[in-house]
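Working notes, structure below.
The values are calculated or read from the model by the stated rules, or taken from the named source; none is laboratory data. Only a predicted model underlies this, so the values are computations on that prediction, with no experimental measurement involved. As a convention, Cβ positions derive from the backbone with ideal geometry for all residues, glycine included, and neighbour counts pool all protein chains shown. These area figures cover heavy atoms from the full protein model, side chains too; ligands, DNA and RNA do not enter into them. Shrake-Rupley method; radii C 1.70, N 1.55, O 1.52, S 1.80 Å.
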Amino acid sequence: MGTVLGAMRNVRWHELQHAYGSASQVPGVLSRIAWGDAPSSDEALNDLERWIGTPPVFDSTAATVPFLWELAATDTVRDRAGVLDLLSTILAAGNPEHPAWTRAAHGAVAEGRGTAVRLAADDTAISPHRTVSAAATRLLAAIDGHTCPACPAPPPDRA
């Protein structure tokens, strides 16, 4: 695995759930996003969105978000803009039956704000279909404007 995604082994994925059951497959899917060829990477990103990002969010969502930030910041990942869009999807999703999962997932997305700022300023980061900077700018706006019943009010100063 190398240093990218190396910390995945520290997560007890088999104890977490996604939309279709055990999250034990999430590390393999993240690896395919990181190192797969174009069809494999695209399929993995679509799978992950269905598993953890489509309403509702799950307990595995918050555990996955730091690795999505890592992928978004890694130049060799094929669809970094797609990864950022998945983070936006997660920020917009929730789980009314499990507000703690929602707070954890949204908080994990917000914790990557500094990465979004850096990527938004990088107009040279281009993926095959979308620019990374445009996706990061959209995500940054979503983070800064985020409100939902499960999350505490943001601090007044985000500087």
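For Ser22, nonlocal amide neighbours, meaning residues 5 or more places apart or on other chains whose placed amide H falls under 5 Å from its own, do not occur.
First select every other residue whose beta carbon is under 13 angstrom from the beta carbon of Ala108; then total the charges, Lys and Arg +1, Asp and Glu -1. That sum, taken over residues with Cβ under 13 Å, equals -1.
Which value, in Å², gives the accessible area per residue of the chain when a 1.4 Å probe is used on the protein heavy atoms? Before the final figure, lay out the partial values.
On the way: 7720 Å² over 159 residues.
Here the per-residue accessible area is 49 Å².
So if R0 is 35 Å, what FRET efficiency would Glu111 and Glu43 give, r being the distance between their Cβ atoms, rounded to the nearest 0.05? The value I calculate is 0.80.
Across all directions, the average projected area of the convex hull around the alpha carbons of segment 1-156 is 8.7 nm². In terms of accessible area, using a 1.4 Å probe and ignoring ligands and nucleic acids, Ser41, Ser24 rank largest first as Ser24, Ser41. Residues considered: Ala63, Ala38, Ala73. Largest GNM mean-square fluctuation over the chain, using C-alpha springs under 10 Å, is found at Ala38.
Looking at segment 35-112, the GluC sites (Glu not before Pro) that sit in a DSSP loop and have at most 13 other Cβ atoms within 10 Å of their own Cβ are Glu97. Applying the criteria of a DSSP loop state and at most 11 other Cβ atoms within 10 Å to the trypsin sites (Lys or Arg not before Pro) of segment 1-107 yields Arg12.
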